[in-house]
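Working notes for the structure below.
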Amino acid sequence: PPARYWQEPQDRAIGGNKDGGRPEQQEKQRTHKAKKRKRDEQPRDGKKVISGKFDPFPGPAPVPKDKLQKFKRQDKIQKPRRQHYRLKDIITRSEEASEMAQKQAARFDLLLPEDAGFLEGDEDEDTCMISQEDIADAVDITSGAKYFNLKLSQFGPYRLDYSRTGRHLLLGGRRGHVACVDWQSKQLMCEINVMESINDVKWLHTEHMYAVAQKKWLYIYDSNGIELHCIRTFNDVLRMQFLPYHFLLATASATGFLQYLDVSVGKEVAAISTKTGRLDVMCQNPHNAVVHLGHPNGTVTLWSPNQKEALVKMLCHQGGVRSVAVDKTGTYMITSGMDKKMKVFDVRAFKPLRSYFLPAGASCLSLSQRGLLSAATGDIVQVYRDVWSTPVTKPYMAHRVRGLIWGLHFCPFEDVLGVGHGEGFTSMLVPGAGEPNFDGLDANPYRSAKQRQEWEVKALLEKIQPELITLDPTELAQVDRTTFEQRHRDRVEALGFDPLAKERFVPKFKKKGRSSAGGVERRKKQVAHEDQRVSSYFQGSRQRRPLR
């Protein structure tokens with residue numbers, strides 16, 4: 001009968017291992033086959049692959065050199081020649097981290113497919129002759145809705161400011177009207193009347209707080225229109241600028257004072273008397289947080305909260321300065337004056353590059369993220385392209401508004417220019433003005449309330465101190481050898497000997513237990529004390545020497 005599964009076959013029980021031999025030999029054969037299979041699965045370059053196939057492109061994917069050059073931070077630091085092993089190790093690790101960040105940024109740049117827009121006319125058609133209505137009809141519905149007018153003739157003219165994310169708009173009328181609007185969804189956040197004249201309005205670090213420069217003092221409000229603070233030490237404020245990475249609100253007053261307010265702790269950081277009269281022209285350099293002020297005598301001065309005197313004084317116009325603007329790289333500065341000229345300066349060399357004559361002059365200037373320049377002349381807004389690279393003969397775009405223009409501001413990350421005038425507010429479409437790709441960790445237009453809270457906490461932890469505001473931010477990573485040498489000389493004069501001298505006193509080795517560690521240190525201190533006494537004696541005798 002056939003054998004069942006619980007019954008052992010007779011031949012296996014009697015004869016044992018007929019086909020396979022002993023169990024030790026079978027185990028060796030299995031081990032040999034497993035090693036051979038692992039050896040076959042290994043690729044030629046020695047790296048393990050799960051599928052067992054060879055990698056035709058070993059190593060990381062190459063990065064194009066032009067992409068690496070785009071994100072290059074700075075040149076390599078020269079390592080010290082002497083035996084500073086710890087410093088060499090720190091420099092090496094920082095260079096490796098910088099190179100890794102550079103390669104990652106170059107790789108992630110491929111994930112940013114958005115390109116900047118542009119405006120192109122038909123044959124023999126100037127783009128400045130294309131009206132806003134034609135542009136709004138040609139674009140999609142969402143973009144066309146960004147062109148609109150707000151008729152606010154009762155409390156004008158208006159100053160305006162966009163938040164850093166570009167989502168929220170702040171309007172301040174000369175006759176006391178203040179409004180916060182989510183301008184993309186046309187949702188009104190708050191609307192108040194302060195019953196006092198308003199000189200300027202400015203968003204703070206988030207869209208939940210803003211500052212209003214009223215007739216007498218500076219006020220801070222929240223997004224619901226509730227007054228949070230009245231700062232009476234900041235009086236007669238005319239213009240304001242907010243430094244986002246330093247959490248500083250810079251104000252220019254009618255009395256000639258430039259003041260800095262730290263909004264994170266609510267304290268005044270600096271109050272500088274410029275001694276140049278009324279300050280109603282002001283802008284900031286986004287690259288190094290230096291404040292530029294324009295004066296009635298035609299000069300532009302650069303200021304930092306660390307110094308009571310101006311860092312730089314430039315004579316820009318033969319008449320008074322009407323407006324100043326600086327691009328985001330901190331390379332170029334554009335000014336307009338009473339002499340009806342608009343000039344472009346290279347801030348690195350403090351030299352003029354271009355000069356343009358405008359028949360009526362420009363009262364307001366604003367620069368976009370992509371380098372477009374908007375200039376207001378009466379009730380006409382003109383937009384120019386590449387004003388610093390090539391000579392410009394005609395504007396890129398032009399538009400006429402209903403009243404006299406009082407404020408201009410490009411919206412971040414949008415092809416929109418906000419214009420505040422005597423009859424209200426106008427939102428213009430300017431193709432190619434905004435940066436198409438945004439940094440989600442810095443200014444995210446689509447962030448939620450939770451993301452905004454997390455960003456605010458991290459920004460406060462990473463706040464830059466006002467002492468670090470300088471003309472050249474790259475100097476912060478260098479060693480100030482002049483100051484070090486001066487301190488070293490002062491230290492040598494105070495001690496009477498050079499503690500960093502190469503040839504120091506080396507005690508002689510003595511026998512019979514007289515060269516113990518304590519005895520050697522005692523002899524070193526005694527010699528140093530004698531050198532100090534001798535040097536102080538000669539200094540005193542030099543001072544007491546009678547005059548002949």
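The values are calculated or read from the model by the stated rules, or taken from the named source; none is laboratory data. Fair warning: this is a prediction, and the values are worked out from it, not measured in the lab. Note that each Cβ is placed from the backbone with ideal geometry, even for glycine, and that neighbours are counted across all protein chains shown. SASA here: full protein model, heavy atoms, side chains in, ligands and nucleic acids out. Shrake-Rupley method; radii C 1.70, N 1.55, O 1.52, S 1.80 Å.
The criterion of being open to solvent by 30 Å² or more (accessible area, probe 1.4 Å), free of Cβ contacts under 8 Å to residues at least 40 places away in the same chain, in contact with a Lys or Arg (Cβ under 6 Å, 6 or more places away or on another chain) and farther than 16 Å from Leu160 by Cβ does not hold for Glu227.
Once region 412-441 is narrowed to residues that are aromatic (Phe, Trp, Tyr) and assigned to a loop (DSSP other than H, G, I, E, B), the residue that is surrounded by the most Cβ atoms within 10 Å (Cβ to Cβ) is Phe413. Taking residues in region 188-208 that are in contact (Cβ under 8 Å) with a residue 60 or more places away in the chain and over 24 Å from Leu238 (Cβ atoms), and partners anywhere that are open to solvent by less than 40 Å² (accessible area, probe 1.4 Å) and among the basic types (Lys, Arg), the pairs with Cβ atoms closer than 9 Å and at least 6 places apart or on different chains are Thr206/Arg452. For region 190-224, a tally of residues being open to solvent by 20 Å² or more (accessible area, probe 1.4 Å), part of a strand (DSSP E or B) and in contact with a His (Cβ under 9 Å, 6 or more places away or on another chain) returns 5. Of the residues Val392, Val321, Val281, Val347, the single one that is crowded, with 22+ Cβ neighbours inside 10 Å and within 24 Å of Gly434 (Cα to Cα) is Val347.
Taken over region 455-480, the criterion of being open to solvent by less than 90 Å² (accessible area, probe 1.4 Å) and in a helix (DSSP H, G or I) is satisfied by Trp455, Glu456, Val457, Ala459, Leu460, Pro466, Leu468, Pro473, Thr474, Ala477. The residues of region 104-114 that are within 22 Å of the chain's Cα centre (by Cα) and in a loop (DSSP other than H, G, I, E, B), listed by number, are Leu112, Glu114. For region 289-309, a residue qualifies if it is more than 15 Å from Tyr260 (Cβ to Cβ) and either open to solvent by less than 40 Å² (accessible area, probe 1.4 Å) or free of Cβ contacts under 8 Å to residues at least 24 places away in the same chain (or both), and the qualifying residues are Gly294, His295, Asn297, Gly298, Thr299, Val300, Thr301, Glu309. For region 83-96, the criterion of being modelled with pLDDT of 80 or more, open to solvent by less than 100 Å² (accessible area, probe 1.4 Å) and polar (S, T, N, Q) is satisfied by at least one residue. Criterion applied to Phe425, Phe413, Phe438 was being modelled with pLDDT of 90 or more, of a type in the set (Phe, Trp, Tyr) and within 24 Å of the chain's Cα centre (by Cα), and the one residue passing it is Phe413. Restricted to region 354-382, and to residues that are under 17 Å from Val281 (Cα atoms) and assigned to a loop (DSSP other than H, G, I, E, B), which residue is most open to solvent (accessible area, probe 1.4 Å)? Looking at residues that are under 17 Å from Val281 (Cα atoms) and assigned to a loop (DSSP other than H, G, I, E, B), I get Ser363.
Of the residues making up region 222-252, those that are of a type outside the set (A, V, I, L, M) and over 26 Å from the mean Cα position of the chain (by Cα) number 10.
Evaluating Lys38 against the criteria (1) basic (Lys, Arg); (2) at pLDDT 70 or above; (3) assigned to a helix (DSSP H, G or I) leaves one unmet condition, (2). Considering only residues that are open to solvent by 90 Å² or more (accessible area, probe 1.4 Å) and among the β-branched types (Val, Ile, Thr), look in region 118-164 and name the one that is farthest from Met240 (Cα to Cα). Among those residues, the one meeting the criterion is Ile141. Which of the residues belonging to region 165-189 are within 17 Å of Ala449 (Cβ to Cβ) and either open to solvent by less than 20 Å² (accessible area, probe 1.4 Å) or not polar (S, T, N, Q) (or both)? Listed by number, the residues that qualify are Thr165, Arg167, His168, Cys180, Asp182, Met189. Does region 383-400 contain at least one residue that is in a strand (DSSP E or B), touching a helix residue (DSSP H, G or I) at 6+ places or on another chain (Cβ under 7 Å) and not hydrophobic (A, V, I, L, M, F, W, C)? Looking for residues that are in a strand (DSSP E or B), touching a helix residue (DSSP H, G or I) at 6+ places or on another chain (Cβ under 7 Å) and not hydrophobic (A, V, I, L, M, F, W, C), one finds at least one in region 383-400, hence yes.
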